[in-house]
Amino acid sequence: MSRLNVMQPWLGSAEVEAVTAVIESGWVAQGPRVAEFERLFAAQQQAEHAVAVSSCTAALHLGLLVAGVGEGDDVVVPSFSFIATANAATYVGARPVFADVDPVTGNLTAETVATALTDRTRAVVLVDQGGVPADLDAVRAVCDPRGVVVLEDAACAAGATYRGRPVGAGADIAAWSFHPRKILTTGEGGMITTSRADWAERARRLREHAMSVSAAARHATVLASPEEYAEVGFNFRMTDLQAAVGIVQLGRLPEVVARRRELAASYAKAIHEISGLRPVTDPEHGTSNFQSYWVEVGDDYPTDREGLLARLAEADISARRGIMAAHRQPAHAHVGAHLPVTDLLTDRTLILPLFHQMSESDQARVLEVLRHDR
Ligand SMILES: *Cc1c(COP(=O)(O)O)cnc(C)c1O
């Protein structure tokens, strides 16, 4: 029996052909493919503007910058997230303030955000953890009256829905990831989507050293006009090689999400019969893409989370500890936080293998290890 991975990207000959065409075109850096990927992504997510960048970490960084967050500001973030969420606040000179999450969804709620707000709060980074849509409207109801920007960290959430629309469609600004661990991939890559033309424009410049004319536009003319650098920018560009892969992957998204939801449903059906395990589910306000299919190991299960991970590893199944808690990492421990739900979920959850090419027999192998009452 071969190793069963927790995630496996679904890439094929269409991606190979798309990359080959870019190489043959002679233009491999940010150019026409990136522009096309942005157009297609904006259309699919029902966003007004999309700006491609080198990662979701870069998208979060630029997102906070264009929203005007900086030195002396507080940014409310979940600790229960990949570390990049909290790091982004630090990059712009702000202080991450950790808020707790809902025990069922693993997401921030209007209540947990409200308790973390201070006079200095300038933004909230609302994560759709593991692809489970957060309750954006409820969080905005708390934030909008105070002029607090809500930046949606939709790194994991492409293909998830919130109140009948794609996740992120109702956000002022959202950040996306195309890392292979996520739902669609460009190797590395990210995107900012926003309803604000001025924010999109500034992000577009900042990703390219804040240059007044893009390199692609300069290349299109024989004698380029002199460029200007109005502020200190970054190199957060995506390449056309990556965007070409992204365009193909975007076309696969509906099929990928449908298959993931099918596999999640059969996991759920089987796991509901196993006492002591609670699987992640759709929240009442939307649908998950099940980017991370996590289960919580309860007191009435025969082993704890570490014990179950070990049993899975014995069967050559690579499960993962659940979502991390940033406030417990040395990088952010100085902030200090009391987050009982985050602590509980971080200690008790694990992520089961779930990927597009997973077969029913792969899934049966996992369930066989989870069952304890035979
Ligand atoms: C993966 C992830 C990120 C970082 O994405 P990169 O594209 O790897 O920079 C940020 N936030 C969340 C919630 C993530 O899961």
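The values are calculated or read from the model by the stated rules, or taken from the named source; none is laboratory data. In this text the structure is predicted, and so the values were computed from the model without any measurement. Here Cβ is always computed from backbone atoms with ideal geometry, including for glycine, and neighbour counts include all displayed protein chains.
Tell me, which strands (runs of 3 or more DSSP E) wholly within the range 263-370 include 1 or more residues that are closer than 24 Å to A157 by Cβ and of a type in the set (K, R)?
Once the strands (runs of 3 or more DSSP E) in the range 263-370 are filtered for at least 1 residues that are closer than 24 Å to A157 by Cβ and of a type in the set (K, R), what remains is 277-279.
Inside the range 351-374, can you point out the residues that are in contact (Cβ under 8 Å) with a residue 12 or more places away in the chain and hydrophobic (A, V, I, L, M, F, W, C)?
I351, L352, L354, F355, M358, V366, L367, V369, L370
Any residue in the range 38-61 that is crowded, with 24+ Cβ neighbours inside 10 Å, among the small types (G, A, S), more than 30 Å from L309 (Cα to Cα) and over 16 Å from the mean Cα position of the chain (by Cα)?
So far as the range 38-61 goes, yes, one or more of its residues are crowded, with 24+ Cβ neighbours inside 10 Å, among the small types (G, A, S), more than 30 Å from L309 (Cα to Cα) and over 16 Å from the mean Cα position of the chain (by Cα).
Where residues in the range 277-304 are free of Cβ contacts under 8 Å to residues at least 60 places away in the same chain and in contact with a Lys or Arg (Cβ under 6 Å, 6 or more places away or on another chain), which of them is surrounded by the most Cβ atoms within 10 Å (Cβ to Cβ)?
V297
(1) among the β-branched types (V, I, T); (2) under 19 Å from A155 (Cα atoms); (3) more than 16 Å from the ligand (Cβ to nearest atom): which one isn't true of T105, the others all being true?
(3)
Do the conditions hold for R218, that is, is it modelled with pLDDT of 95 or more and outside any strand (DSSP E or B)?
no
Every residue, every condition in (1) of a type in the set (K, R); (2) within 16 Å of the ligand (Cβ to nearest atom); (3) at pLDDT below 95, yes or no:
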residue: T57; (1), (2), (3): no, yes, no
residue: A67; (1), (2), (3): no, no, no
residue: T109; (1), (2), (3): no, no, no
residue: A114; (1), (2), (3): no, no, no
residue: R122; (1), (2), (3): yes, no, no
residue: Q129; (1), (2), (3): no, yes, no
residue: V132; (1), (2), (3): no, yes, no
residue: G147; (1), (2), (3): no, no, no
residue: V150; (1), (2), (3): no, yes, no
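If you go through the range 105-133, how many residues are within 18 Å of the chain's Cα centre (by Cα) and assigned to a loop (DSSP other than H, G, I, E, B)?
8
Of everything in the range 78-88 that's surrounded by 19 or more Cβ atoms within 10 Å (Cβ to Cβ) and near the ligand (Cβ under 10 Å from one of its atoms), which residue is nearest to G106 (Cα to Cα)?
Once the filter is applied, the top-ranked residue is F80.
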